[in-house]
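Below is one structure, written out as structure tokens; the observations come after it.
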Amino acid sequence: TRRVLQLLIGLVLYGAGCALTIEAGLGVDPWTVLAQGVSVRTGIGIGWVTNVLGFLVLLLWIPLHQRPGVGTIANILLVGTSLQATLTVVPPVTGPVAQVAVLLGGILLVAIASGLYIGARFGPGPRDGLMTGMHARLGWPIWTCRALVEISVLVIGWILGGTVGIGTVLFAVLIGPLVHLALPL
């Protein structure tokens with residue numbers, strides 16, 4: 001029961017953290033840049049696009065011989081839904097101090113949420129499973145797989161109209177160390 005609750009809380013907080021980075025308006029993580037770009041082009045809410053992208057990424061697992069866990073499916077259903085819900089109640093932030101504070105709060109929330117849902121051990125999220133599946137199937141180093149995927153979605157999302165900025169850089173620099181601290185907690 002504790003692990004299930006930890007998974008669910010982690011996934012909901014992850015979506016909320018992503019929403020905060022969006023509302024800060026300073027740039028978002030690569031996958032959210034992609035979801036934002038698709039949202040701009042289609043008019044579909046960014047949270048719903050996030051859910052759809054998660055499902056589409058899951059389809060890429062098939063040739064990689066990856067198997068989803070309960071956490072993988074929950075990730076697809078909850079992260080985007082939480083993101084969309086949070087965007088409806090948290091207004092965009094104005095003013096540089098408030099924007100930076102909300103951005104850093106969002107990044108910290110994503111890190112804590114990552115520690116919760118990863119620590120529950122119910123399977124990787126669809127994006128992480130894509131990276132580990134590429135590593136296992138192709139034999140490429142994890143960092144190469146991660147960089148290839150993240151840079152690709154960032155560029156595609158930016159071309160489609162997603163927000164790239166200092167927040168994107170801060171997310172990239174801070175998320176690894178913060179998740180490292182959050183996992184044992």
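The values are calculated or read from the model by the stated rules, or taken from the named source; none is laboratory data. None of these values were measured; they are calculated from a predicted model. Virtual Cβ from ideal backbone geometry, glycine too; neighbours counted across all protein chains shown. In case anyone asks, the SASA skips ligands and DNA or RNA and just uses the protein heavy atoms, side chains included. Shrake-Rupley method; radii C 1.70, N 1.55, O 1.52, S 1.80 Å.
Checking the structure you have, find out if any residue of the range 54-70 is over 17 Å from Ile112 (Cα atoms), out of contact with any strand residue (DSSP E or B) (no Cβ under 6 Å at 6 or more places or on another chain), of a type in the set (D, E, K, R) and assigned to a loop (DSSP other than H, G, I, E, B). Checked against the condition, which is being over 17 Å from Ile112 (Cα atoms), out of contact with any strand residue (DSSP E or B) (no Cβ under 6 Å at 6 or more places or on another chain), of a type in the set (D, E, K, R) and assigned to a loop (DSSP other than H, G, I, E, B), the range 54-70 yields at least one hit. You will find that of Gly165, Gly133, Gly161, the residue that is open to solvent by less than 20 Å² (accessible area, probe 1.4 Å) and either out of contact with any Lys or Arg (no Cβ under 8 Å at 6 or more places or on another chain) or closer than 10 Å to Leu34 by Cα (or both) is Gly133 and no other.
For the range 107-146, which positions are small (Gly, Ala, Ser) and farther than 27 Å from Leu20 by Cα?
Going residue by residue through the range 107-146, those that are small (Gly, Ala, Ser) are 111, 113-115, 119-120, 123, 125, 129, 133, 136, 139.
Listed by number, the residues that qualify are Gly133, Ala136, Gly139.
The single condition among (1) open to solvent by 50 Å² or more (accessible area, probe 1.4 Å); (2) in contact (Cβ under 8 Å) with a residue 12 or more places away in the chain; (3) farther than 26 Å from Ser39 by Cα; (4) aliphatic (A, V, I, L, M) that Val179 does not meet is (1). The set of residues in the range 132-156 that are more than 14 Å from Ala172 (Cβ to Cβ) and touching a residue at least 40 places away in the same chain (Cβ under 8 Å) comprises Thr132, Gly133, Met134, Ala136, Arg137, Ile156.
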